[in-house]
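First comes the structure, then the notes that go with it.
Every number here is computed from the coordinates shown, using simple stated rules; none is lab data. Computed from a prediction, not measured in an experiment: that's the story for all the values here. Using ideal geometry, Cβ is built from the backbone for each residue, glycine included, and neighbour counts are taken over all protein chains shown.
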Amino acid sequence: MFILDPVNAVTSIQFYKKVAAQSFQRSVVYLLYLASLFTVAALVFTWLRIVPPFTELMEWMAQKVPPITFGDGKVTSATDTPYIVRHPSFPDFGVMIDTTRTDPVTPQMMEESKVRVYVTGNAMYLINRPGRVEVNDLSKTQGPPMQLGPQFFREFAKIFPIVLYAFMAALAFMGFLIWRTLATLLYWLIASLLNTSMGAGLGPEALASIAVYGQTLPVLLFIILLFSPAGLPGMTMLTAGLVITTGYMALAIGAARKEPVPPSAD
């Protein structure tokens, strides 16, 4: 049964006899199946790990950030006094809102206030690296007024996750396919070397199928690590994936090798 192929690919080396005999088109479909599983895992990860903190942040901003209106080349706020917005989880990222100010803001002023963003009545200043400030002139902006207030943040908290899910689904699926297609090319070369050194006599199509299925365990481990609080360095994961896949391919080629045909008796 096709849906159980990942289980068989991990638990049964003899299963690779079937893999070596099947068409490569079926192996491509299996790769698409793995991509679908990875995409589902990425969406669950987004639902559990990204959306809740984002929703919490938007609610916090709805309660703490005074309404700000952008329009007619100027910025106005509900409060006339300078106001610093600083989330408890990000103490180093502060935003100063001082819409009564029109004079330029210097990096020293921002460092003294310990803020990364400074919004004045006609500009927005952003520290992109120590001592350097990026200035966005808002005095020339056109268009209808736009208010950032409680309603905006709460509506954004509802809409953005929908966009994020669609983006993550496309990114995970296409990224996985590109990543694993390139990996399959590498593993096919390794499988070809193993095939030659072991004298297994398998054809290129069989080796390509083994290269696809041999990546199953590293893919499943990567999905598990997505939800693990203790991650692994990228190089460690790549090395482990290379070792595991090469080991599976060596065992698979050994199991699927073609037995030499004994010479016929005259």
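Quick notes on this one:
- Spacing of the two label points (7 Å from each Cα toward its C-beta) at T11 and A170, in nm: 3.8 nm
- Annotation: peptides 216-226, 46-56, ranked by per-residue average of other Cβ atoms within 10 Å with the highest first, follow the order 216-226, 46-56.
- About its Cα centre, the dipole of the chain is roughly 400 debye, where the only charges are +1 on Lys and Arg Cβ and -1 on Asp and Glu Cβ.
- Under the combined filter of DSSP loop state and at most 15 neighbouring Cβ atoms within 10 Å, region 83-187 retains these chymotrypsin sites (Phe, Trp or Tyr not before Pro): F93.
- At R0 = 41 Å, FRET efficiency that the Cβ-Cβ distance of I178 and V117 yields, to 0.05: 0.70
- Nearest-ten-degree value, helix 234-256 long axis tilted from longest Cα axis of the chain: 20 degrees
- Annotation: Cα Rg of region 90-189 relative to the compact-globule expectation 2.2 N^0.38 Å equals 1.65.
- Sorted by Cβ neighbour density within 10 Å, fewest at the top, the residues I253, I127: I127, I253
- Cα lying deepest toward the dipole's positive end in the chain, options T106, A157, L242, charges on Cβ: L242
- Here the relative contact order of region 66-148, from alpha carbon pairs under 8 Å that lie six or more residues apart, stands at 34 percent.
- Kirkwood-based Rg to Rh ratio, region 66-148, C-alpha trace: 0.96
- Interchain or long-range residues, amide H under 5 Å from N122's placed H: V75
- Cα centroid of region 177-218 to Cα centroid of region 223-258, whole Å: 13 Å
- Along its principal axes, the chain has C-alpha extents of 105, 37, 35 angstrom, given from the largest down.
- Paramagnetic label zone (point 7 Å from Cα along Cα-to-C-beta, S23; backbone N under 16 Å) in region 175-217: 205-206, 209
- Amide H contacts under 5 Å for I84, placed H, 5+ residues apart: I97
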